[in-house]
Amino acid sequence: MAKQNIKTKKEDIVKYWFFERLIDECGLSVDASDALERCWRCGCEHNLERCHIVPEALGGKDEPSNLVLLCHRCHIDNPNVMDSEIMWDWIRAYGVPFYGTFWGLIGLKEYEFIYHKSFVSDLIDLGITDVKEMHRLIELYIPQIIKDNIGHHYGLHI
Ligand SMILES: [Zn+2]
């Protein structure tokens, strides 16, 4: 991830994918109308960066067809691929239908990975079965639990 000395403008990347190539928005975390402001993988509005599909080191070019817009966290996670379809499959695989839910869902998955049990199962074991109370506790605890265990700041926008 070379520091952004990319010449292609973010506007041109959005124009290429969403208005020329007409990439299928179905399953993405972002709508075309928000693609200049929100990460294409997680839908958050932070630190939007231009991300090579085929990395520069592997001959990837500085042109709209080889770039997508991701937040800094997703940029770090993105796969190094030789085929833009794999990048789109990766972005789509993480798609969420509502803004602000991505990192909370990742947090719930991480909780299950760490404790080998879902957060909801643990709540049920504690006798908490009211759905509203479960939502309140998820919003309250998941960001903190995940942050404490793996050092990421998940769930900022649950
Ligand atoms: Zn992101």
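Applying the criterion of at least 2 residues that are under 25 Å from D31 (Cβ atoms) and among the charged types (D, E, K, R) to the helices (runs of 4 or more DSSP H) found wholly in segment 77-136 leaves 84-93. With respect to the conditions (1) β-branched (V, I, T); (2) within 16 Å of the ligand (Cβ to nearest atom); (3) in contact with a helix residue (DSSP H, G or I) (Cβ under 9 Å, 6 or more places away or on another chain), I76 falls short on a single one, namely (3). Note on segment 49-73: residues that are within 16 Å of the ligand (Cβ to nearest atom) and not hydrophobic (A, V, I, L, M, F, W, C) amount to 5.
Would you mind stating whether I91 is surrounded by 12 or more Cβ atoms within 10 Å (Cβ to Cβ), under 13 Å from C42 (Cβ atoms) and at pLDDT 90 or above?
It is true that I91 is surrounded by 12 or more Cβ atoms within 10 Å (Cβ to Cβ), under 13 Å from C42 (Cβ atoms) and at pLDDT 90 or above.
For S29, the test of being closer than 29 Å to N5 by Cβ, more than 16 Å from the ligand (Cβ to nearest atom) and surrounded by 16 or more Cβ atoms within 10 Å (Cβ to Cβ) is failed. For segment 1-30, a residue qualifies if it is closer than 15 Å to C71 by Cα and either assigned by TED's automatic domain parsing to the domain that holds C71 or modelled with pLDDT of 95 or more (or both), and the qualifying residues are K10, I13, V14, L28, S29, V30.
The values are calculated or read from the model by the stated rules, or taken from the named source; none is laboratory data. What you see is a predicted model; the values in this text were computed from it and never measured. Positions of Cβ are generated from backbone atoms using ideal geometry, with glycine treated the same way; all protein chains shown enter the neighbour counts.
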